[in-house]
Amino acid sequence: MFSVSKHMLKSKGVRTTYYNRNLTLDTDNIIHKNFIKNINPDKPRGENTFYKELNILKFLEKNFVNKPKIDHYPFPKVISHGETRESGKLTISMTFCGINAIENACLYSEKKNIIPTNYYNTVECIINNLKNNSILYLDWKGDNVCINKYGHISLIDFGRFKILKEESRKYRYRLDKMYAKPDLNELKKSFFSYVSCSESEFLLEKALLRDKDGRLKWKHKLFKRAPWGMLYYF
Ligand SMILES: Nc1ncnc2c1ncn2[C@@H]1O[C@H](COP(=O)(O)OP(=O)(O)OP(=O)(O)O)[C@@H](O)[C@H]1O
Ligand SMILES: [Mg+2]
C-alpha cells in the first residue's frame, strides 16, 4: 500500500472527510482550518500563520483576474474566521475545493479518479494570479492541489509563500524564474522518468511510492519547484 496519512486513506469514497482536530469538513462543504493561539506564533498553525493565510486568501480573491477565463474560482474562498475563546483556537472557514491530487491518485486503481476540466487554462490562470500579485508560492505538491466533482482544480494551503513587495530587479527575477513556462515536454519527461512511469500509466499514482531515500516522490524538489508541474497531477 502507499504511505499516505490516515485522513487521506479515508478518501476512497466519493467525498472526503478529515477527522482531525485541526481540520474538519462540515456537511455544508465548508472546511474549517484551525490554528493554535498559544503555541509559538510562527510555528506552522501558530497565530501568525493564521493571519498570513487569512490575509492572502482575501487578497487573492479581491485581486482575482479571470485570465485565461475559467468557470470557477481556483483558490479557497474565506467564508468566515474567528477565535474560540476557551480553547484559544483560531479558525479559517473556507470553501471546500474537493479532494487533493494524491487522494485522487488513490482512486485511480478503481477508475474512480476525477478528470479535470479546462485543465491547462486553470493552471495558467492560477499561475497568472500568483504572479500578478507577486506571490512566490513555496509549497507545490499534490496535497495542495484539489479537484472537485465538476473537475475544477484549485490551489490550496497558503501556509508557505513569500510576497515580494519591492519592485527591484532581483524580486522581479525571482518571480519570473519561478513562474516562467518551461518546455512542457521536457518537464513532463523529467517527472515521468523520475518516478519510472510510462506514458500509459498515471503519474501521481506512481509518485505515491517512495524514492531511494525513503521520501515520497511527489515531495521531491522536482515537483516542489515546478508550478507548471500541476499540469501532470491529474
Ligand atoms: N479548502 C480546502 N478544500 C479542500 N481540501 C482542503 C482545503 N483545505 C485543506 N484541505 C485538505 O486538507 C489537507 C491539509 O490542509 P492544508 O494543506 O491546508 O494544511 P497544512 O497543515 O498546511 O498541511 P500540510 O502541512 O500537510 O501541507 C489538504 O492536503 C487537503 O487535502
Ligand atoms: Mg498542505
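The values are calculated or read from the model by the stated rules, or taken from the named source; none is laboratory data. Just so it is clear, the model here is predicted, and its values are computed rather than measured. Neighbour counts run over all protein chains shown; Cβ positions are idealised from the backbone, glycine included.
Residues in the range 203-217 that are farther than 18 Å from Trp140 by Cβ and part of a loop (DSSP other than H, G, I, E, B): how many?
4
For residues that are over 17 Å from the mean Cα position of the chain (by Cα), surrounded by 15 or more Cβ atoms within 10 Å (Cβ to Cβ) and not basic (Lys, Arg), tally how many sit in the range 65-106. Working first, answer last.
The first filter runs over the range 65-106 and keeps only residues over 17 Å from the mean Cα position of the chain (by Cα), leaving 65-71, 79-91.
Those left that are additionally surrounded by 15 or more Cβ atoms within 10 Å (Cβ to Cβ): 70, 81, 89-91.
Now restrict to residues that are not basic (Lys, Arg): 70, 81, 90-91.
Qualifying residue count for the region: 4.
Just give me the residues in the range 179-202 being assigned to a helix (DSSP H, G or I) and under 17 Å from Tyr120 (Cα atoms), in sequence order.
Result: Tyr179, Leu184, Asn185, Glu186, Leu187, Lys188.
Of the residues that sit in the range 139-168 and are away from ligand 1 (no atom under 11 Å from the Cβ) and more than 19 Å from Ala105 (Cα to Cα), which one is nearest to the chain's Cα centre (by Cα)?
Filtering the range 139-168 for residues that are away from ligand 1 (no atom under 11 Å from the Cβ) and more than 19 Å from Ala105 (Cα to Cα), the one nearest to the chain's Cα centre (by Cα) comes out as Phe161.
Can you pull out every residue in the range 154-165 that is buried (at least 22 other Cβ atoms within 10 Å of the Cβ) and either more than 15 Å from ligand 2 (Cβ to nearest atom) or among the hydroxyl-bearing types (Ser, Thr, Tyr) (or both)?
Ser154
List the pairs whose first member sits in the range 209-233 and is closer than 23 Å to Asn185 by Cβ and loosely packed, with under 13 Cβ neighbours inside 10 Å, whose second member is among the aliphatic types (A, V, I, L, M) and at pLDDT 85 or above, and whose Cβ atoms are under 9 Å apart, counting only residues at least 6 apart or on separate chains?
Arg225/Met178
Tell me which of these Tyr171 doesn't satisfy, since it passes every other one: (1) at pLDDT below 95; (2) among the hydroxyl-bearing types (Ser, Thr, Tyr); (3) within 16 Å of ligand 1 (Cβ to nearest atom).
(3)
Would you confirm whether or not the range 43-60 contains a residue that is surrounded by 14 or more Cβ atoms within 10 Å (Cβ to Cβ), part of a loop (DSSP other than H, G, I, E, B) and out of contact with any Ser or Thr (no Cβ under 8 Å at 6 or more places or on another chain)?
yes
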